[in-house]
Amino acid sequence: MSRNSSPAKLLIIYTGGTIGMAFDNSGSLVPMGFREIKYHIPEIAKLGYEFDMHAFTPPIDSSNMSPEIWVALCGIIERNYNSYDGFVILHGSDTMAFTASALSFMLQNLDKPVILTGSQLPIGEIRTDAKENIITTMEIAGAKKEGRSIVPEVCIYFDYFLFRGNRSKKYNTEKFEAFHSPNYPSLAEAGIDILYKEAYITSHPQQSFHVNTKLDTNIAVLKMFPGITQSAVESILNTPGLKAVIMETFGNGNTITAPWFIQLLEKKIKAGIIIVDRTQCDGGSVELGRYETSAYLKEIGVTGGSDMTFEATVTKLMWLLGQDLPVAEVKRLLEISLKGELTEK
């Protein structure tokens with residue numbers, strides 16, 4: 001890939017997390033700023049890019065990530081959209097896939113890269129993975145072909161692979177290879193060169209960029225297991241203000257067929273509660289009706305979650321519910337691909 005005729009300009013947004021921490025003179029981990037990133041990663045100067053930093057104060061532990069922070073991130077990107085060629089978000093890894101999925105729905109007609117990255121070790125550690133992750137993320141975020149960004153979508157870069165954000169999952173807490181994309185190929189792989197898999201990358205939109213940050217968090221999760229009790233299911237389905245339930249099922253979308261269970265689900269669906277069936281398995285897809293144990297669900301109006309990740313299902317539901325659409329329309333949109341988050345049959 002040839003160098004851009006003019007240097008790319010990037011905005012690096014530090015939300016918090018291990019990747020943005022450095023040791024100060026007292027030996028404590030503190031958030032890094034513009035000076036620290038240049039000090040710890042002097043190699044970024046060789047990219048020839050311009051970049052600015054925006055840091056959340058105080059930094060946010062990834063476990064405390066919330067929809068309010070997603071809205072704030074969208075606001076930062078919206079206000080700076082015309083001033084930069086790409087955006088790099090430094091983020092704790094634990095909830096990174098949730099944030100990436102949420103942003104994919106909230107940033108409409110995105111025509112520039114928004115790439116999240118993190119690390120398993122602080123940037124000041126001698127064996128840190130932070131340096132490579134930041135350097136390559138910046139290179140990808142600024143990469144262009146024929147004057148346009150190569151990857152105009154929300155992504156996660158981690159340990160030599162670039163994944164679509166709403167297809168990504170954190171699956172390992174100890175290896176540098178912390179993320180994978182179980183049902184969709186990687187978008188790029190960094191080796192001696194960065195190999196972009198253009199066939200899998202979203203094409204540039206025809207409409208203008210805008211932000212839609214309306215979210216509704218009135219959802220719950222019902223995870224199936226052998227021996228689940230009626231009282232446990234009722235406690236979830238009777239949550240005050242509930243609008244939708246993500247039901248994590250066995251295999252291709254199967255559940256128990258006890259009459260009390262099917263009757264409870266049917267009662268809630270008739271009352272306007274959306275129930276989305278997604279498999280507990282990382283790989284594969286829900287196929288309602290393939291087996292008798294899921295045929296009942298299809299008959300009573302359970303919505304299939306296809307091969308969406310849990311993170312994408314949660315954030316897509318929040319976003320769709322926030323649009324004040326009729327229940328039937330939300331259920332229809334759940335089963336089609338809006339941002340490449342599922343594989344349509």
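Values in this text are rule-based calculations from the coordinates and carry no lab data. The structure displayed is predicted, hence computed values, not measured ones. Positions of Cβ are backbone-derived with ideal geometry, glycine not excepted, and every protein chain shown enters the neighbour counts.
Quick notes on this structure:
- Taking all pairs of distinct alpha-carbon atoms in the stretch 219-334, Kirkwood radius in angstrom: 14.0 Å
- Principal-axis tilt of helix 96-106 within the chain, Cα atoms, nearest 10 degrees: 80 degrees
- In nm, spacing of pseudo-spin labels at residue 148 and residue 80 (7 Å Cα→C-beta vector): 2.5 nm
- Cα gyration tensor shape for the stretch 126-210, rounded if a/c is under 1.5, else prolate or oblate: prolate
- The gain in end-to-end length when the residue 125 to residue 46 segment is fully stretched comes to 26.2 nm, 0.36 nm per residue minus the alpha carbon separation.
- Separation of alpha-carbon centers, the stretch 179-231 and the stretch 283-313, rounded to whole Å: 18 Å
- Semi-axis lengths (Å, descending) of the ellipsoid that matches the C-alpha gyration tensor of the chain: 38, 21, 18
- Cβ-derived FRET efficiency at R0 56 Å, residue 257 paired with residue 198, nearest 0.05: 0.75
- Spacing of the modelled spin labels on residue 345 and residue 9, each 7 Å from Cα toward Cβ, amounts to 4.9 nm.
- Cα-Cα pairs of the stretch 66-123 separated by more than 20 Å (percent): 23 percent
- Estimated FRET transfer efficiency when R0 is 56 angstrom, pair residue 293-residue 206 (beta carbons, to 0.05): 0.80
- Between 0 and 90 degrees, the angle of helix 67-80 with respect to the longest Cα principal axis of the chain falls at about 40 degrees.
- Principal axis analysis of the Cα atoms in the stretch 9-211 yields extents of 52, 35, 34 Å, listed in decreasing size.
- Along each principal axis, taking the top coordinate minus the bottom one, the Cα set of the stretch 74-178 gives 36, 25, 21 Å in descending order.
- Counted charge near residue 100, where neighbours are those whose Cβ lies closer than 12 Å (Asp, Glu -1; Lys, Arg +1): +2
- Among the GluC sites (Glu not before Pro) in the stretch 173-231, those located in a DSSP loop and surrounded by at most 13 other Cβ atoms within 10 Å of their own Cβ are 174.
- Residue-averaged 222 nm ellipticity for the chain, from DSSP H runs of 4+ at -39500 (n - 2.57), nearest 500: -8000 deg cm²/dmol
- Net charge, residue 166 excluded, C-beta distance under 12 Å - Lys, Arg +1, Asp, Glu -1: +1
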